[in-house]
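See below for the structure under consideration.
The numbers here are math on the coordinates, done by the rules we state, and not lab data. This is a predicted model, so every value here is computed, not measured. We place every Cβ from the backbone using ideal geometry, glycine too, and count neighbours over all the protein chains shown.
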Amino acid sequence: MPDPDYRLSFPRDHGPHPDYRIEWWYLTATLQGADGRDYGVQWTLFRSALAPGEDEGWQSPQVWMGHAAVTSAGQHHYAERLARGGVGQAGVTAEPFRAFIDDWRMEGIDEMRLTARGDAFAYDLDLSAQGPLVLNGVEGYSVKSPDGQASHYFSQPFYEVTGTLTLPEGSVEVTGDGWLDREWSSQPLSEDQDGWDWFSLHFDSGARLMGFELRGAETAFSAATWIAPDGDATPFADGALRATPLETTVFEGREIPTTWRVELPARGVDVTVEALNPAAWMGVSFPYWEGPVRVSGSHSGRGYLEMTGY
Amino acid sequence: MPAFLTILSHWRRHPGQLATLILGLALATALWSGVQAINEEARQSYARAAGMLGANGYERLQMPGGGPVPLADYSALRRAGWQVSPVIRGELEADGETWRVMGVEPLTAPPDMLPNGGLQAGIDPGAFLGGPGQAFVADGAEIDPNGQFGLEFIPHPDIAPGLIVTDIGVAARLLDQTDPSFLILLPDQPAGLPDLASVTDLVRVEPQGGEDLSRLTDSFHLNLTAFGFLSFAVGLFIVHATIGLAFEQRRPVFRTLRAIGLPLSRLILVLLAEVTLLALLAGGLGVALGYLVAAALLPDVAGTLRNLYGAEIDGTLAFRPLWAGVGLGIALVGAWLSAAQALWQVARMPLLAPAQPRAWAIASARSTRLQAVAGVLLLAASGAAALVGTGLVMGFLCLGALLLGAALLLPGALSLALRGIGARLRGPLAEWVIADTRQQLPGLSLALMALLLALAANIGVSTMVGSFRLTFLGWLDQRLVAELYVTAADNEEAAEIRAFLAPLVDATLPIANAETRIGGQPVFVYGVVDHATYRDHWPLLETTPAVWDRVATGQVLLVNEQMARAQELSLGDGVDLAPGLSLPVGGVYSDYGNPTGQAIMSLDLLERHFAPVDQSRSAVRVDPEQRQDVIAALDAAFALPEGAVVDQQSVKQASIRVFEQTFRVTGALNILTLGVATFALLASLMTLSSMRLPQVAPLWALGQTRARLARIEVMKTLALVVLTGAVALPVGLALAWVLLAVVNVEAFGWRLPMQVFPLDWLRLLGLALLTSTLAAAYPAVGLLRTPPAHLLKVFSNER
């Protein structure tokens, strides 16, 4: 169980926490190509424990799942990798930091190398952290429901990214901003919650906003972190952030909101968040929507949107 | 109800007829459903094998020296991006039984290696991967009643008996083995991967061709099905004859029933109910008999298919409601069809028609002519279908038209033949015999048609099976001619092995091949050295003079039939093999079951023009007595993995033995079909004998003894059987030709060369004469024992 008194410590907490049921290393990047187009890149490693702890070889109860995607206004490529723990096919070490599944790699924290490959795409990116780690919630203890469900959650939202995307029509050099989310928990959702909408926004002013809303049967539960350009983070509790769907796109029979109004009145934020490519559906084992967004309104910028449970 | 009972009472008075009807239909259904059961069982087994041998359908990576693949090799491949999936395989003893265990890694394995579509679909990952674990076993398998393995065993129809399919972690525990037995190389790999050889020393092993297997076995099953169908058709003739007779004999009863007020529709309904009841009874009996036939024959079939084709079939027969239902249905339809004509006559019968029984189904000369015309038309249609038609359905239409046409022509042909014989005979008795036989023909024609079909089916199927057998033995010889086959890790080791063996054996022949594309199609080109092994054994379909000399000197090449057909190559046609290398076709060889093109040329040319040439395999010719010594010497000198040395001679012997066993299945079916036809003849002769007293009595009165008359009766029948056999021979050969050259080509793309077996025909004719003598003897003995008073009565009774 996540513990509110637990204090994060690094590099230890870059590594895995096998006693928790679920954990992820989640990197998203909004990029601009040398061809003038906007791109988004996702690299995610999920760890899921069938039983707490670790064991030798094939008896390891840990299952790993990797998702990678490249999205532009007209394209969306994604790939999935599955692996079990214990046999060297996937895993994470804290020191030196290294997360991998098959040939997909996330290596280093402050200076990171990120690679992945699918049938129709590949990417190889260098990321350089320009600011400090940001702890979400209270000292990285992020509450998810009125019932007290919570996770340990920190971010590195200050990556500068350069690298190359390989797409079916050829390679393209890209630069942009990256955002790493690290989260682990044993009970991420309360029983009546059926999904979440999660925003990570880079504003042109240099500030960042992380916000999510967990959709419950009757009410939604929200939380947000306002991150000043210098990395100074302010958490906001339930109710401070409002996210309202404006337009939806039907994908595989599901109605998915791909344009949102996001408000954080405490910081004067009232923006429209619009998917760069509404068809950024991740048709993987546990399907969800994840893709780059454009931000306009009181603040302008770019970001990433993730929606699950639709 | 009283009407129904009245109708049924006929059978009480004619129990022999009832037995004939039931037995005829039951035998027909039994043959049909028995063959279907065997086919169905085999297909189910293939489907299971294809689904669950699973691993065999994919390319594999194995240790060059055999043995388990180190786990580190697996993770190194994955971390280089190669999509491979580990399998731990082994055997497990449980309660005195041996189980094959296949441990699959469900997160990386292709979904079809697990039941229910794997984790993506029907399997709960938590239960399969975590906790005590799950294992799939065959439906109805009993394993581990005491729970010593602590697993949840789930019966599943897709799993072959004796197999346990489980998570690799569970298999690792059960077998106490961590390293995978081999890796599966998934068919879809990401683009831009590093070269496999730079990542691993593991060797690639081609998928263990299910394609070839199904082609060969399909051919076998198709022909069995054709056979089953013919048997059924023969059976229907019996049923038709018996029902016709029963209706004919009951004309007075129908008249009386109608005269006392039974409406026609009611009568028809009652008769229909009767036929249905009898058909259900006979059909049920037939399905049960068919099950017995199949159960008796299936172990042979299973043994053959397993040893010869490597197809896994468990020799146990499951009762499948589907084929039982189909068998019953076909019995019903058959009985209705057989009764249709008789019912039609009843429906048209005038209310007060004379109730006097006529000889049943006395056909006029006109209807014989009509039949003959229809027969000729059908034969013409069959010929046209064979010549211009394409497609499998056309092949079967051709087959059907041929058989029906021949059957319809039979009475006409027999009548003509008898007339021809009659013209040459002198003497009143001889002329009477011929005239009487011709007069008897209409009554016997249905039974003779059945006999024709049975004989033709026998000749056709035995020709087909015989051709298949010879072809297959030739193919085995071609493939397995050497005493030993040795597979080395690479070309270098193979060369060392050949050098090592040279003083010990008669010859070591490299099996060298390279893959290339010719005419846009993939072709494997084999290089051969000049050796008697090829000259003496390679089965050539077409050849030019001194072809092996010219192959050895690099002047010509040989192509397999598939390549010749696909690229429309004839002898002498030039084939562009490689830049600057074009050779004429010097011969075409049979290569059954191989879906791809193949060519053979001299090894020198192959090495000069193709790279890389795989020469890791060698064929070893050695005195069969010394095989074991050579194997022992090889084992001592080289660390060859298990399975690297194959003693092919013993494999071949076993294969041939089992193969012969299988064709005993066909033999048994042949005898059964002939038995059914003879039964039809017996039924018809018995029927006629009771009506023939008026014809025979005058001869008796003129001074012929009963014994002489009885002998004449038997001789007449035998003469008809011989004539029918004479017609059956060309029909049977035509049937075999259609099966081999039309149906087989349409179904599988290659033609089995037809071989004829005249000794088989003689044996068949002898058998037919023997059984017909038995069939004719019974009524003849009846005649012999007819009291003279009965014969006298013919003259006193006004008829």
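Before moving on, here are some points about what is shown:
- Close amide H contacts of A:Gly297 (hydrogens built in the peptide plane, cut-off under 5 Å, sequence separation of 5 or more or a different chain): A:Thr272.
- Here is the list for the range A:1-48: trypsin sites (Lys or Arg not before Pro) lying in DSSP coil, each with at most 16 other C-beta atoms within 10 angstrom of its C-beta, are A:Arg7, A:Arg37.
- Of the residues A:Ala237, A:Val70, A:Leu27, the one whose Cα sits farthest towards the positive end of the charge dipole of chain A is A:Val70 (charges of +1 on Lys and Arg Cβ, -1 on Asp and Glu Cβ, taken about the Cα centre).
- A cut-off of 5 Å between modelled amide H atoms, ignoring neighbours fewer than 5 places along the same chain, links A:Arg98 with A:Thr93, A:Gly108.
- Listed residues B:Phe128, B:Leu202, B:Gly67: farthest to the positive end of the dipole of the range B:59-206 (Cβ charges): B:Leu202
- Near A:Ser190, no amide H atom lies under 5 Å from its own; only residues 5 or more places off or on other chains count, and H is placed 1.01 Å from N.
- Label separation (A:Phe286 vs B:Leu377): 7.2 nm, computed from points 7 Å beyond Cα along the C-beta direction.
- Computed about its Cα centre, the charge dipole of the range B:59-206 is approximately 480 debye, with only Lys, Arg, Asp and Glu carrying charge at their Cβ.
- Unit charges at the beta carbon, dipole of the range B:489-639: most positive-side option, B:Asn491, B:Pro522, B:Ser616: B:Pro522
- Sequence-ordered 3J(HN,Hα) estimates for the range B:548-556 from the Karplus curve with 6.51, -1.76 and 1.60 and θ = phi - 60° stand at 5, 4, 6, 5, 4, 8, x, 8, 9 Hz, glycine and proline given as x.
- Per-pair calculated FRET efficiency, R0 = 22 Å: A:Arg113 and B:Leu193 via Cβ, rounded to 0.05: 0.70
- A:Ser128 paired with B:Leu470, simple spin-label distance in nm, labels 7 Å along Cα-to-beta-carbon: 8.3 nm
- When the GluC sites (Glu not before Pro) in the range A:90-195 are filtered for DSSP coil states and for at most 15 other beta-carbon atoms within 10 Å of their beta-carbon, the remaining sites are A:Glu139, A:Glu169, A:Glu191.
- Value of D in µm² per second that Stokes-Einstein yields for the range A:15-307, Kirkwood Rh from Cα pairs, at 20 °C (1.002 mPa s): 111 µm²/s
- For the range A:1-106, size of Cβ-based charge dipole, Lys and Arg +1, Asp and Glu -1, in debye: 200 debye
- Here the gap between B:Leu702 and B:Arg535, fully extended at 0.36 nm per residue and compared with their Cα-Cα distance, gives a gain of 52.8 nm.
- According to the calculation over all Cα-Cα pairs in the range B:59-206, the P(r) per 10 Å bin from zero is 11, 40, 32, 14, 2, 0 %.
- Where labels lie 7 Å past Cα in the beta-carbon direction, separation of B:Asp176 and B:Thr6 in nm: 8.4 nm
- Dipole magnitude for the protein assembly as shown: about 10580 debye, using +1 per Lys or Arg Cβ and -1 per Asp or Glu Cβ, origin at the Cα centre.
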